[in-house]
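Nothing in this text is a laboratory measurement; each read-out follows from the coordinates by a stated rule. The structure displayed is predicted, hence computed values, not measured ones. For neighbour counting, all protein chains shown are included, and Cβ atoms are generated from backbone atoms with ideal geometry for every residue, glycine included.
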Amino acid sequence: MTVEKLVEEQVQELDAQVQRESGRRSRRSFLTAAVAAAGGYGFYRWIDRSPGDQLIPRPLRKALNLNEAVTRTVFDERGLAPTYSLAKAEELRVNGIYGLKEELVPESYRLQMVGVEQANKFPQYVSDVTAWEYKYAAKKDEGGKDDAASGNHDTKVAPKTEGAATEGASAMKMSPAFEAAFADLKKSQGSKRPRGQEEAGESDNTLDAGTPGLLLKLEDVTRFEHRELVTQFKCIEGWSQVVHWGGVRLADLIAAYPPAKKADGSLPKYVYMETPDGDYYCGYDLNVCMHPQSLLVTEMMGRSLGQWHGAPLRLHMPIKYGYKQIKRIGLIAYTDMLPDDYWTKLGYDWYAGL
Ligand SMILES: Nc1nc2c(c(=O)[nH]1)N[C@H]1C(S)=C(S)[C@@H](COP(=O)(O)O)O[C@H]1N2
Ligand SMILES: [Mo]
């Protein structure tokens, strides 16, 4: 069976499940109805798609049962994080810019995908994803007028993080001279420069040269059904904010580019992601990536994502703490080994569940 056929069948099966769970209404009309019922916007009802097919190794609920006592108070009976009315949403602060310090040239963006089933059958297949060269814009003068006109709601000057002991704080303490020298060094090294140039150092999972995979363009990701979600974003430092997110389900991307099965027919357990420069990285359980509220975000608060919030693509996972919500995703790799994680290297919990 071809991958296309497999994916098509899985999508049909998922859609059939959705139909069963939401009565006669289609997925889209179900969402529209929910939006209309809430007065124009409001409580999005996320349809839990957790069929027993190969894409999901075990029902999500079972995985979340690990944390059942907590889960009961934080999630509803289907394991969904609470959603809020749009009126409660506010502009998210910027917190932590590892892997984002230079402005990525949008046309040079590619999402590397590694470990995909029959990857060489896809038109986006390349024999070495690490050979892709991301381009970074030259630093502009501070406070340049271009910024206001660009329509980017983030400033291009690195913002200050709030609080003295924030996770991102050490990144801000570099002297301007060091920053400048560091930027020059990185530029001269192009994409071949050393990876992991931040406090936690290089990831154990940084790809070896010659790793085959897919190089997806942003439109390969945004072609999936657009989803919106108003959820709480929680940072382990103790602050939280309600934010309006827009993007596509990570589950939809995974269904379209499914992981290669292992020799025994089972799926790899984990997903690993990192920024294009390899400076920030995160590991996830595959089934958490399949959660219907795990979103590949392209919009925040109704506008396209800004540089410091992880343009062009970041993750939102309302069932995990903020540090798992990687900004500027450069790589998504399926793996069966517990993937490395930036903050785990510095002593934080890998699971990071709420
Ligand atoms: N690339 C990258 N992603 C990242 C971080 C980072 O430093 N670099 N920080 C994480 C942490 S600790 C938090 S709380 C959130 C903050 O997201 P925000 O800056 O959009 O508020 O991003 C997460 N993802
Ligand atoms: Mo955080």
Item to check | Backbone N within the stretch 296-312 under 17 Å of label point (7 Å from K217 Cα along the Cβ vector) | outcome: 312
Checklist outcome for this item: Counting only residues 5 or more apart in sequence or on a different chain, those whose built amide H sits under 5 Å from that of I332 are Q112, M113, V114
Checklist entry - How high is the relative contact order of the stretch 224-354, in percent, with contacts defined as C-alpha pairs under 8 Å that are six or more residues apart? => result 28
Checklist entry - Hey, what do the phi angles of the stretch 264-270 turn into as Karplus ³J(HN,Hα) couplings, whole Hz, using 6.51/-1.76/1.60 and θ = phi - 60°, x for Gly and Pro? => result 7, x, 8, 9, x, 7, 10
Next on the checklist: Per-residue counts of other Cβ atoms within 10 Å, averaged by peptide: what ranking do you get for 78-87, 232-241, 259-268, highest first?
Outcome noted: 78-87, 232-241, 259-268
Next on the checklist: Could you tell me the center-to-center distance, by alpha carbons, between the stretch 269-304 and the stretch 77-125 in angstrom?
Outcome noted: 5
Next on the checklist: Loop-only trypsin sites (Lys or Arg not before Pro) in the stretch 280-346, please: DSSP not H, G, I, E or B, and at most 13 other Cβ atoms within 10 Å.
Outcome noted: none
Next on the checklist: On a 29 Å Cα-Cα criterion, which of the cross-link pairs K101/K261; K135/K324; K234/K262 come out too long?
Outcome noted: K101/K261; K234/K262
